[in-house]
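Below: the structure, in C-alpha cells.
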Amino acid sequence: AFLFSIICLFTTLIFKDDFFLKIFKEPNSTLATLASFNIFVYSLYYFLKMQFRWEFKEKLYTFLTVSTSLIGLSLVLFGFLMFGPHLEIVIFANLIAYSYGVLLSIFLLRNIFSLEFSFDYAAKLVAFSSPLIPAALIGVSVMFIDRLMLDWFIGIDSVGVYSLGIRFAGLALICYVGVELAITPLLYPSYKTAEAALMLKNIFRVFVFLATISFATILLVAKSYFLIIAREDFLAVNEFLYLLIPAMIFTQIHLFFPGLWITKKTHLFFWLSLTTLTINIFLNYLLISILGLFGAALSSLISYTFL
C-alpha cells in the first residue's frame, strides 16, 4: 500500500499543474502541491484505519476517526480566524490531521506489522485488486458524467442545481452507517455457514426498512428547505430528487451481494462499470436534451439499477 501510494504521489506531483489548471482554470503550484501530499497522506490514513475494522477494534476506530476530524476542524477554524477563509488553510489543516491519524494508527497497530515481504501474497493482492483500479476510475466517471453533459447541453447553472440534488440524495446513505464498516469483516471468515446467510438476510431487511424511511424523510426535508430559503432555481430539485435518492442507494447496494468478491472474480467489476458508463452516456445524450435535469436523474437511476 505504501509503495503504490508513493507511486501515485510522484505521478500527481509531475502532472499537478496541468491537472489543477484544468479543474480550477488558474495556476496555483503551492495549492496543487499541498493537495497532492494531502491525497497521499489520506490514502495511508484510510488504509491504516481500515485495519481496525478487521481487528474488530470499533472503539479505537471511532476514537481515531473522531479525533482526526476534530483536529482537522479545529485547525480550519483557527486558520480562518487568523488568516481568513482560504482553500490552502483547509487542505493544510487536513494534511496535519491525516498525518496525526497515520502516526496514531501505526502506534496502535504496531503489534500487527513486521518488516517482512511476501511475493506470493503480493501477487495474489495484485491479481485481486488490479481490475478494481480501472473499475473505480470508471465508477468516478459514471458519477460525474451527468454533470459534464448537463454543462454541455444546458449550462453551468444546471450543474449547480443538479449537484445540490445529489447532495440531498446522498443523505440516504446514512442507512449504511455501521453496516458498511461491519459487514465485510464479519462475513468473510464465515460466509460458508448458514448463520452468515441468515445474518446477511436480516441486515438487508433492516437496510431496506431504513432506506425507505430515509427516502421519505429526505423528500420532506428537502421540500421544506427549498420553501424556506425561497430560491426559485433550487425548487427544480424537487422535480427529480425522488429519482436520485434510489440511484444513490443503488450505488452502495453491492455490499449485500458479495459473491464476486468472495469468488475473487473482481475482473467482472471492470466490465460491469464500463457497461454502466456506456449506458449512462447514451441515456444522458438521449434524455438531457429532451427532459433536462429530470433526464439526467432518470439516466442515473436506470444506469445504477442495471449495475
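For the reader, a short list of remarks on this structure follows.
- With contacts taken as Cα pairs under 8 Å and at least 6 residues apart, the chain reaches a relative contact order of 19 percent.
- Amide N proximity, the stretch 161-176 versus Phe294 label position 7 Å along Cα-to-Cβ, cut-off under 16 Å: 162
- For the chain, lysine pairs separated by 8 or more sequence positions, or belonging to different chains, with Cα-Cα distances below 21 Å total 8.
- Over the residues of the chain, the helix contribution to mean residue ellipticity at 222 nm works out to -27000 deg cm²/dmol, using -39500 (n - 2.57) for each DSSP H run of at least 4.
- FRET efficiency, 1/(1 + (r/R0)^6) with R0 35 Å, evaluated for Ile174 and Leu235 via beta carbons: 0.90
- A Cβ-based charge dipole, computed about the Cα centre of the chain with Lys and Arg at +1 and Asp and Glu at -1, lands at about 760 debye.
- Area of Ile39 that stays accessible when all protein chains are in place (1.4 Å probe, Å², to 10): 100
- Among Ser130, Ser105, Ser214, residue whose mean-square fluctuation peaks in a GNM of the chain (springs only between Cα atoms under 10 Å): Ser130
- Estimated at the nearest 10 Å², the accessible area of His254 is 80 Å² with a 1.4 Å probe.
- On full extension, the segment bounded by Glu55 and Ala197 gains 48.9 nm, given 0.36 nm per residue less the C-alpha separation.
- Residues in the stretch 246-263 that a label on Lys223 would reach, taking backbone N under 19 Å of a point 7 Å out along Cα→Cβ: 246-247
- Tail beyond 34 Å, pair distance distribution of the chain (Cα, percent): 32
- Net length gained if the chain between Phe107 and Leu125 were fully extended (0.36 nm per residue, minus Cα distance): 4.0 nm
- Relative contact order (%) - criterion: Cα under 8 Å, at least six apart; region: the stretch 203-307: 30
- Within the chain, longest stretch free of exposed trypsin sites (Lys or Arg not before Pro) [DSSP loop, at most 15 other beta carbons within 10 Å]: 58-191
- Cα-based radius of gyration for the stretch 221-307, normalised by 2.2 N^0.38 Å, reads 1.35.
- Accessible-area order (highest first, 1.4 angstrom probe) of the listed residues Asp120, Asp157: Asp157, Asp120
- Whether the stretch 33-181 is rounded, prolate or oblate, judged on the alpha carbon gyration tensor where a/c under 1.5 counts as rounded: oblate
- Solvent-accessible surface (1.4 Å probe) assigned to Trp271 amounts to roughly 140 Å².
- Highest GNM mean-square fluctuation among Thr266, Thr62, Thr276, for the chain modelled with Cα contacts below 10 Å: Thr62.
- Annotation for Phe83 and Thr263: the two label points, set 7 Å from Cα along the Cα-Cβ direction, are 5.3 nm apart.
- Extension gain from Gln252 to Arg167, taking 0.36 nm per residue of separation minus the Cα-Cα distance: 29.1 nm
- Helices assigned as whole DSSP H runs in the chain whose Cα atoms extend at least 18 Å along their own long axis and whose mean Kyte-Doolittle hydropathy is -0.5 or higher are found at 2-24, 29-54, 58-83, 87-108, 132-153, 156-170, 194-229, 267-291, 293-306.
The values are calculated or read from the model by the stated rules, or taken from the named source; none is laboratory data. For clarity, every value in this text was computed on a predicted model and none was experimentally measured. Quick reminder, even Gly has a Cβ in these numbers, built from the backbone with ideal geometry, and neighbours come from all protein chains shown. For the accessible areas, the whole protein counts, side chains as well, though only heavy atoms, and no ligand, DNA or RNA atoms are used. Shrake-Rupley method; radii C 1.70, N 1.55, O 1.52, S 1.80 Å.
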